[in-house]
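Heads up: the structure comes next, in structure tokens.
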Amino acid sequence: MELENIVANTVLLKAREGGGGKRKGRSKKWKEILRFPHISQCVELGKTIERDYASICEKQPIGRLLFRQYCEIKPNLQRCIQLLDAMEDYEVTPDEKRKSRGEQIIKTFLSKQVCFFISKPPIFFKTDFQLNIYIFVVPALTRAAHEYLSGAPFADYQNSMYFDRFLQWKMLERQPITKDTFRQYRVLGKGGFGEVCACQVRATGKMYACKKLEKKRIKKRKGESMALNEKQILEKVNSRFVVSLAYAYETKDALCLVLTIMNGGDLKFHIYNMGTPGFEKDRVQFYAAQICCGLEHLHRESIVYRDLKPENILLDDNGHIRISDLGLAIKVPDGENIRGRVGTVGYMAPEVINNEKYAMSPDWWGLGCLVYEMTAGRLPFRARKERVKREEVERRVQEEEEEYNDKFTEDAKAICRMLLTKDPKQRLGCNVDRAVGVKAHSFFKNINFKRMEAGIVEPPFVPDVSGLSCC
């Protein structure tokens with residue numbers, strides 16, 4: 001058994017490193033697998049596909065790339081794209097460099113030659129330059145550029161070879177996905193309905209985690225709706241802070257969800273198995289900020305997560321985190337609240353324990369639990385390894401106030417107290433400001449959320465992924 005594990009680990013490590021050859025883990029037949037269909041085979045797709053500028057040219061990576069390539073051969077359109085790039089760059093520019101970057105943009109782009117698509121350039125005041133370039137100029141120019149590009153340029157693009165290529169890519173995307181699409185590697189972990197294995201796309205060599213939901217277990221536990229719900233939730237979410245669903249297929253015995261692979265282990269491992277339990281303040285801030293962004297993206301889709309705990313927060317090779325395991329997540333109907341006594345003991349909010357109706361409030365309570373645990377190295381209402389009944393933990397959550405040791409700064413205490421407020425109506429994140437209010441708390445004063453969401457903030461810790469971690 002030991003020898004089998006060594007062999008399985010070695011094979012997986014080699015696959016993660018690209019196989020050591022020129023093909024980078026791709027199959028010998030990868031060119032054949034990715035061969036584009038003749039454009040004549042895409043005619044029917046071209047008639048039925050939704051031709052929406054925002055969907056095709058902004059949200060879909062391959063569509064965005066091909067539209068930009070088309071614009072590069074047209075001087076006027078190329079200037080539009082350069083302007084949009086400058087606007088995006090300005091939004092993630094550090095505060096101390098923002099004024100000079102704004103002046104550079106104004107000098108370079110606010111001319112009739114570049115802003116030909118708007119009749120009147122936005123007005124800004126030099127006395128309040130740094131504020132107004134963002135509040136007025138950037139949004140106005142960005143909106144005007146997209147409005148222009150979505151008109152005649154988008155119509156012309158649809159008659160170009162670049163759009164033909166887009167249709168060919170969409171045809172490739174529609175090829176059936178089966179177990180033969182992937183190479184399967186060793187088991188990374190186990191869940192309630194089955195195993196999670198590493199897998200690799202034969203055509204590209206890209207690594208993923210394959211979550212196998214065994215049909216017999218699903219049927220035995222009457223989990224059909226739960227399995228389908230997880231797939232539907234994953235399909236709706238597009239966030240760098242939540243694991244992504246890349247593919248889904250079924251075999252005779254299992255439903256398979258192919259997800260982002262996270263090789264850096266989970267937060268529980270890092271909190272308790274890497275020296276003294278807990279993290280330094282900068283790591284707590286970084287992880288809490290990324291979790292906050294992930295929750296914001298879920299809530300934007302009216303999805304409440306309901307199972308925030310360290311085991312469900314995974315690190316990638318570079319030290320960024322993603323929220324995983326959306327089995328308990330659920331979409332909240334517009335204007336309504338839901339009821340459901342679900343979650344993990346010690347992390348469930350008072351309103352969940354009391355079986356009261358709620359919307360997004362349990363997730364902000366969960367964030368408070370995580371900030372507390374990452375700082376103190378223990379849960380707010382349960383000591384580590386304490387043998388205590390569920391009913392006692394729930395009583396503490398409902399009746400007692402959490403205690404703070406000297407590991408907590410004043411800002412850390414303040415945000416925990418506001419997130420761990422018993423009354424959800426008074427809890428941080430649960431009023432009209434929602435995630436914006438949480439991100440504005442002084443605990444995050446050193447976090448630039450624009451740069452965080454763009455993925456350009458360096459993590460304070462990079463995990464050692466030479467070993468193998470669960471996904």
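Every condition in (1) surrounded by 17 or more Cβ atoms within 10 Å (Cβ to Cβ); (2) of a type outside the set (G, A, S); (3) outside any strand (DSSP E or B); (4) modelled with pLDDT of 90 or more is met by F193 except one, and the failing one is (4). Only one of the numbered conditions (1) surrounded by fewer than 20 Cβ atoms within 10 Å (Cβ to Cβ); (2) part of a strand (DSSP E or B); (3) without any contact (Cβ under 8 Å) to a residue 60 or more places away in the chain is violated by Y249, and that is (3). Residue check: is I33 at pLDDT below 90, under 22 Å from Y208 (Cα atoms) and either in contact with a strand residue (DSSP E or B) (Cβ under 8 Å, 6 or more places away or on another chain) or not small (G, A, S) (or both)? In short, yes.
Out of all the residues in region 237-251, is one or more over 30 Å from E58 (Cβ atoms) and either more than 24 Å from the chain's Cα centre (by Cα) or at pLDDT 95 or above (or both)? Yes, region 237-251 has at least one match.
Cβ-Cβ distances below 8 Å connect the following pairs, each with a first residue in region 259-279 that is under 30 Å from L213 (Cβ atoms) and touching a residue at least 24 places away in the same chain (Cβ under 8 Å), a second residue that is β-branched (V, I, T) and assigned to a loop (DSSP other than H, G, I, E, B), and a separation of six or more residues or different chains: L259/V243; T260/V243; M262/V243; N263/V465; G264/V465. Across region 438-464, what is the total count of residues that are closer than 15 Å to G294 by Cα and free of Cβ contacts under 8 Å to residues at least 40 places away in the same chain? Residues that pass the stated criteria total 0. Inspect all residues belonging to region 334-351 and state whether any of them is touching a residue at least 60 places away in the same chain (Cβ under 8 Å) and in a helix (DSSP H, G or I). Yes, region 334-351 has at least one match. Taking the conditions (1) crowded, with 19+ Cβ neighbours inside 10 Å; (2) under 16 Å from the mean Cα position of the chain (by Cα); (3) assigned to a loop (DSSP other than H, G, I, E, B) in turn, P459 satisfies each one other than (1).
Scanning region 204-218 for residues that are in contact (Cβ under 8 Å) with a residue 60 or more places away in the chain and outside any loop (DSSP other than H, G, I, E, B), we see that the one that is farthest from S324 (Cα to Cα) is M207. For region 394-444, residues that are among the aromatic types (F, W, Y), part of a helix (DSSP H, G or I) and surrounded by fewer than 21 Cβ atoms within 10 Å (Cβ to Cβ) total 1. Please verify whether region 281-295 includes one or more residues that are part of a strand (DSSP E or B), crowded, with 17+ Cβ neighbours inside 10 Å, at pLDDT 95 or above and among the β-branched types (V, I, T). No: zero hits. So in region 56-101, with the set limited to residues that are free of Cβ contacts under 8 Å to residues at least 24 places away in the same chain and outside any helix (DSSP H, G or I), which one is surrounded by the fewest Cβ atoms within 10 Å (Cβ to Cβ)? Across region 56-101, the extreme among qualifying residues is I73. For region 156-172, the set of residues classified as part of a helix (DSSP H, G or I), of a type in the set (S, T, N, Q) and exposed (fewer than 15 other Cβ atoms within 10 Å of the Cβ) is empty.
For region 376-388, a residue qualifies if it is modelled with pLDDT of 95 or more and not aliphatic (A, V, I, L, M), and the qualifying residues are G377, R378, P380, F381.
Answer yes or no: is there a residue in region 226-234 that is in a loop (DSSP other than H, G, I, E, B) and at pLDDT below 95. No, because not a single residue in region 226-234 is in a loop (DSSP other than H, G, I, E, B) and at pLDDT below 95. I'd like to know if region 347-358 contains one or more residues that are out of contact with any Pro (no Cβ under 9 Å at 6 or more places or on another chain), at pLDDT 95 or above and among the aliphatic types (A, V, I, L, M). Yes, some residue in region 347-358 is out of contact with any Pro (no Cβ under 9 Å at 6 or more places or on another chain), at pLDDT 95 or above and among the aliphatic types (A, V, I, L, M).
Any residue in region 370-398 that is at positive phi sitting within a Cβ distance under 7 Å of a residue that is in a helix (DSSP H, G or I)? List the pairs, counting only those 6 or more apart or interchain. Hits for this filter: G377/I271.
The set of residues in region 252-279 being assigned to a helix (DSSP H, G or I), crowded, with 20+ Cβ neighbours inside 10 Å and either at pLDDT below 95 or not hydrophobic (A, V, I, L, M, F, W, C) (or both) consists of H270 alone.
The values are calculated or read from the model by the stated rules, or taken from the named source; none is laboratory data. In this text, all values refer to a predicted model and were calculated from it rather than measured experimentally. Ideal geometry is used to build each Cβ from the backbone, glycine not excepted, and the neighbour counts take in all protein chains shown.
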